[in-house]
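Reading through the structure tokens given below for one structure.
The values are calculated or read from the model by the stated rules, or taken from the named source; none is laboratory data. Since we're looking at a predicted model, the values are computed, not measured. So basically every Cβ, Gly included, is an ideal-geometry build from the backbone, and we count neighbours across all protein chains shown. Note: areas computed on protein heavy atoms with side chains; ligands, DNA, RNA excluded. Shrake-Rupley method; radii C 1.70, N 1.55, O 1.52, S 1.80 Å.
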Amino acid sequence: MTSMPPYPDLMDQIDERATAFREAATVAGLAARVPGCPDWTVRDLIVHLGKVHRFWAATVTAGPADGPPSAETLGDTSPQPDLLASSAESIPLLLEWSAESTLLLLEALRAAPSDSECWTWWEASEAPTTVGAVARHQVQEAAVHTYDAQEAAGKAEPVPAAIAVDAVSEFLVVSLGSLGAWPHRPARIALSAVEGPTWLVDLTPAGAKADPAPSGEPVATIQASASDLLLLLYGRIGTDSVTIKGDRSAVDELLTWIDND
């Protein structure tokens, strides 16, 4: 796992992506469908990201814990029913609730040292269970959902390169590292970004191991921009949008494994 970006930078990136998210949601309108989340409208997407921000704000504030915050601790993380109406008046009110949600997360992060412990869902991975790691993951959460909102508005833009490069590294350790045993034949896969970085991941019965010791060539290499690599891992684009060299079936198995989680 590459070194974590400076903690203040992570909070700036969350703020910037969340702002871009609301701008795109405004253009799309609440009723627009979200291609990356086919069962959702933009209204659903706004509520989801706001609830995520409020959940992690409470989690960070709670500090070290054996589990996530209780329902009593969390309180009601959903917007009031009147904010979910379809009227034009409800749109700015729901976006205001969304902005308040982001602010709650940022305030919680700013109040806690980056190396302080808190509950996370990725204990099974090699990633730290710290406030800094939460901030890092929330950057990619906001970035991917900003792409979703932009796509719903018909104006999808690549994830900013600096965010995407770090997010690919984080995804391979946190998300893949939490999936447990690899159910297929062992494989080494490389992800090569046009911006320069290349990541290796070994897939074995022990699970996914990012940045393994050099011990052989990958059976397949996926080449694309860092943004497209990230969006591929998140199922937002298909393999027709990237270049695959080597064993395509191993790549298909990897993407199916991720999608089935």
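Please go through the stretch 186-196 and pick out each residue that is aliphatic (A, V, I, L, M), without any contact (Cβ under 8 Å) to a residue 60 or more places away in the chain and assigned to a strand (DSSP E or B).
Hits for the stretch 186-196 are A190, L191, A193.
Could you check how many residues of the stretch 204-233 are within 25 Å of A124 (Cα to Cα) and over 21 Å from the mean Cα position of the chain (by Cα)?
The total comes to 8.
Assuming G235 fulfils every condition listed in (1) under 17 Å from L172 (Cβ atoms); (2) free of Cβ contacts under 8 Å to residues at least 12 places away in the same chain apart from one, which condition is it?
With respect to (1) under 17 Å from L172 (Cβ atoms); (2) free of Cβ contacts under 8 Å to residues at least 12 places away in the same chain, G235 is out only on (2).
Hey, among V139, V134, which residue is within 14 Å of T19 (Cα to Cα), β-branched (V, I, T), out of contact with any strand residue (DSSP E or B) (no Cβ under 8 Å at 6 or more places or on another chain) and touching a residue at least 24 places away in the same chain (Cβ under 8 Å)?
On the way: V134 fails: within 14 Å of T19 (Cα to Cα).
V139 is the lone residue from the list that is within 14 Å of T19 (Cα to Cα), β-branched (V, I, T), out of contact with any strand residue (DSSP E or B) (no Cβ under 8 Å at 6 or more places or on another chain) and touching a residue at least 24 places away in the same chain (Cβ under 8 Å).
Restricting attention to the stretch 238-261, which residues are among the hydrophobic types (A, V, I, L, M, F, W, C) and either in contact (Cβ under 8 Å) with a residue 24 or more places away in the chain or on the phi > 0 side of the Ramachandran plot (or both)?
Passing the criteria: I244, A250, V251, L254, W257, I258.
Have a look at D228, D240 and point out the one that is open to solvent by less than 50 Å² (accessible area, probe 1.4 Å), acidic (D, E) and either part of a strand (DSSP E or B) or modelled with pLDDT of 95 or more (or both). First the steps, then the outcome.
On the way: D240 fails: open to solvent by less than 50 Å² (accessible area, probe 1.4 Å).
After applying the criteria, what remains is D228.
Out of all the residues in the stretch 129-147, which are of a type in the set (S, T, N, Q) and part of a helix (DSSP H, G or I)?
If the condition is that a residue be of a type in the set (S, T, N, Q) and part of a helix (DSSP H, G or I), then Q138, Q140, T146 are the ones that fit.
When you look at V131, is it open to solvent by 10 Å² or more (accessible area, probe 1.4 Å) and either under 30 Å from S215 (Cα atoms) or modelled with pLDDT of 95 or more (or both), yes or no? First the steps, then the outcome.
Values: open to solvent by 10 Å² or more (accessible area, probe 1.4 Å): no; either under 30 Å from S215 (Cα atoms) or modelled with pLDDT of 95 or more (or both): yes.
The answer is no for V131.
Restricting attention to the stretch 37-59, and to residues there that are farther than 18 Å from D15 by Cα and of a type in the set (D, E, K, R), which single residue is least open to solvent (accessible area, probe 1.4 Å)?
Residue satisfying both the conditions and the ranking: R43.
Just checking, how many residues over the stretch 97-126 are within 16 Å of the chain's Cα centre (by Cα) and open to solvent by less than 10 Å² (accessible area, probe 1.4 Å)?
Qualifying residue count, the stretch 97-126: 4.
Of the residues that sit in the stretch 197-221 and are part of a loop (DSSP other than H, G, I, E, B) and within 15 Å of E170 (Cα to Cα), which one is least open to solvent (accessible area, probe 1.4 Å)?
For the stretch 197-221, the residue satisfying everything is P212.
So which pairs qualify, if the first residue must be in the stretch 101-123 and under 16 Å from A142 (Cβ atoms), the second must be open to solvent by 90 Å² or more (accessible area, probe 1.4 Å) and among the β-branched types (V, I, T), the Cβ gap must be under 8 Å, and the two must be at least 6 apart or on different chains?
Note: pairs meeting the criteria are A108/T61.
Taking into account only those residues within the stretch 243-261 that are among the charged types (D, E, K, R) and modelled with pLDDT under 95, which is farthest from P205 (Cα to Cα)?
First, the residues of the stretch 243-261 that are among the charged types (D, E, K, R): 245, 247-248, 252-253, 259, 261.
Restricting the remaining residues to those that are modelled with pLDDT under 95 gives 259, 261.
Working: D259: 18, D261: 16 Å.
Here the answer is D259.
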